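Please see the structure below; I have some questions.
The values are calculated or read from the model by the stated rules, or taken from the named source; none is laboratory data. Since the model is a prediction, treat every value here as computed from it, not as a measurement. No Cβ is skipped: glycine too gets one built from the backbone with ideal geometry, and neighbour counts run over all protein chains shown. Protein only, heavy atoms only, side chains kept; ligands, DNA and RNA dropped before computing areas. Shrake-Rupley method; radii C 1.70, N 1.55, O 1.52, S 1.80 Å.
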Amino acid sequence: MKGFLKRLRGVITTGLTWAVGWAVLWGVPVFILSRFGVFEGFTMRVFLLADLAVAGGGFIAGSAFGVFLSIFERNKRLEDLSLKRIALLGGLGALALVAIFGITLWLPIVVLTGLGVGFASGSVALAKRADTKLIEGDDESLPALEGE
């Protein structure tokens, strides 16, 4: 049970991280453009609701990625994770969002899949970089998804 709760915490944390990232990635440019009058009648309430919807999509896609990662890369260490496979799993996580909402237009599918690939690759690349900066004298790498 302890291993399941650890994985669940990782999935939720990944979903929350992606939610914040997607909200910022979408919200900052839209907010700046709205200040220059690009979006006439775009009130702060509409902006916040739209940003919340984008964050929700990021949470769903990130959580799906976390589930796929915990299933397909279960017993691998962080340094053993291939960025190509991680990118594939990130794209699948974003495609899960597409499937849930029944999106059929090609542009949103391509954009969402690109976001999934980018966020997954970036997440693991940052984790690998942080893993190399462990406390000196601790040569042992931590398992990516330990099932204790």
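Quickly work out the LYS84-to-ARG35 label distance, labels modelled 7 Å from Cα along the C-beta direction, and quote it in nm with one decimal.
So the two model labels end up 4.3 nm from each other.
May I ask for the angle, rounded to the nearest 10°, between helix 44-72 and the longest principal axis of the chain, with both axes built from Cα atoms and the value confined to 0 to 90°?
30
Right, another one. How do VAL28, VAL124 rank by accessible surface area computed with a 1.4 Å probe, from largest to smallest?
These residues rank, largest area first, as VAL28, VAL124.
Can I ask one more? Ranked by accessible surface with a 1.4 Å probe, highest first, in what order do GLU40, GLU79 come?
Solvent-accessible surface, decreasing: GLU40, GLU79.
What is the angle, in °, between the Cα long axis of helix 106-131 and the longest principal axis of the Cα atoms in the chain? Nearest 10 is fine, range 0 to 90.
40
Along segment 4-10, what does the Karplus equation 6.51 cos²θ - 1.76 cosθ + 1.60 (θ = phi - 60°) give for ³J(HN,Hα), rounded to whole Hz, x for Gly and Pro?
Karplus values, whole Hz, x for Gly and Pro: 5, 5, 5, 5, 4, 4, x.
Leaving out ligands, DNA and RNA, what percent of the accessible area of the chain is carbon and sulfur, probe 1.4 Å?
70
How many angstrom lie between the C-alpha centres of segment 50-125 and segment 1-25?
12
Once you keep just the Cα pairs under 8 angstrom separated by 6 or more residues, what percentage relative contact order results for segment 1-109?
32
Per residue, how much accessible surface does the chain expose to a 1.4 Å probe? Answer in Å², no decimals.
64
Starting from the Kirkwood Rh over alpha-carbon pairs, what translational D in µm² s⁻¹ does the chain have by Stokes-Einstein at 4 °C and 1.567 mPa s?
78
Now for a different question. Can you list the HN-Hα couplings for segment 14-20, worked out from phi with the Karplus curve (6.51, -1.76, 1.60; θ = phi - 60°), rounded to whole Hz and with x for Gly and Pro?
3J(HN,Hα) across segment 14-20, in whole Hz: 4, x, 5, 4, 5, 4, 5.
Which residues' amide hydrogens lie under 5 Å from the amide hydrogen of ARG77, considering only partners 5 or more residues apart or on another chain, with H built in the peptide plane?
Those lying under 5 Å, H to H, from ARG77 are ALA144.
Mind listing the phi-derived Karplus ³J(HN,Hα) values for segment 76-88, rounded to whole Hz, using 6.51, -1.76 and 1.60 with θ = phi - 60°, and x for any glycine or proline?
Coupling constants for segment 76-88: 9, 7, 4, 6, 8, 6, 8, 5, 5, 5, 5, 4, 4 Hz.
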